[in-house]
Amino acid sequence: MRRLVLVLLLAACGGAQRPAPVDAAAPVAHDDPPPLPSDRALAADATFGDLVRAAVHQDDRRASDSDTACLLRASASGFVLEADLSVAVRGLADPANDLGVRVEASHGPVRVLTRLGSYGAASPMVAVALTTIAGASPRTGALLVQTQRGVYLLRTDVDGDVRLRTIETAVADVVSLDVASVFVTADANVPLIDFAHLLSALPDALEGRVAIAAMLPADAVAPDDASATQAPDTTLCPTGLPEIADDVAIGDLDTAALRGALPSLASAAQACVATSASGLGGLVRVAFRIDLTGHVQTACVRQDATGDATLRDCLVAGLQTLSFPAPTGGVVDVELPLRLTLEADAAHRQRPLCR
């Protein structure tokens, strides 16, 4: 069955302005630190285990939001967990101190769970993201594992080189990899001042692509990736809209009239981008069918460079509220590439360390 397809281009933008950069610096020791101002404050002698417990506590209290634009802040009195938190698994056990042994025994890829989906497949080593990170498609990542002896580097897509590295070598190696995201974890007893040193060594080019993570215990059963258990995503239609039935006439709609009805779609797209969970822009090609009354009969997403299911749902819902001039003679199919461009908000542009 033949169909009439009108292809137009619409640009939309959204999201908060990118914050001014902040300088990273090592903390300054203080003999008599002042009282800690909040549950996010950590003493100068705190450990990575203390940081994980603080993140889990804040997330449990639903006090996870932050727009400070960094993961950890170093100050004269210690540290502040500034991150926008997004703990992927509830009920995390306290971090352990055997990560080096586990890494050297695994030799394989690591799996990292985030609220936006899983990086990597089944693995005996599973990390849980604690902080917000922009979505990525495809999801490829690296995990830096800091111990008292040095740093290990694992990947989520292939077997890794599990030799022990210095902080400088580990950072140089991770920068050379073609991965979308970098996760950073440590043994529970690693001093936070050492962990801050690792964060400060990560270059500005990784801003927004770094998240703090915690390892699941060796005997823990990792939850299945949510995407593997959910019902099929009905918003996606890679092959296009369903065929028009033989007894349904194909109509015509003047292109100018169609364009005149699109500002409302631009507003809907901008609102969807501004609330996107992934903080990503990109090309989203939508398709929709206009019935004889000018209303959208069905809508779906043919192509999605953002990989953000929430964004797709929002766009499809927006399309289904549109009204157009009534077509002449029958239904009309429209295919529309939306170029969604945004500056990610502070939650997605976090620097590893700031002061």
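Throughout, read-outs are computed from the coordinates displayed, never taken from laboratory work. Keep in mind that this is a model prediction, so the values were computed, not measured. FYI the Cβ positions are ideal-geometry reconstructions off the backbone, even for glycines, and counts take in every protein chain you see.
Some values worked out for this structure:
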quantity	calculated
3J(HN,Hα) from dihedral phi, segment 244-254, Karplus parametrisation 6.51/-1.76/1.60, rounded to Hz, x for glycine, proline	6, 4, 4, 8, 10, 7, 8, x, 9, 9, 4
Residues Thr293 and Ser267, FRET efficiency given R0 of 30 Å [Cβ-Cβ distance, rounded to 0.05]	0.85
Scaled radius of gyration (Cα, divided by 2.2 N^0.38 Å) that segment 41-224 gives	0.92
Segment 182-192 - phi-based ³J(HN,Hα) in whole Hz, Karplus 6.51/-1.76/1.60, Gly and Pro as x	10, 10, 10, 9, 7, 4, 4, 8, 5, x, 5
Modelled FRET efficiency - R0 51 Å, Thr321 with Arg61, Cβ distances, 0.05 increments	0.90
Separation in nanometres of the label points that stand 7 Å from Cα toward Cβ, at His197 and Arg115	3.3 nm
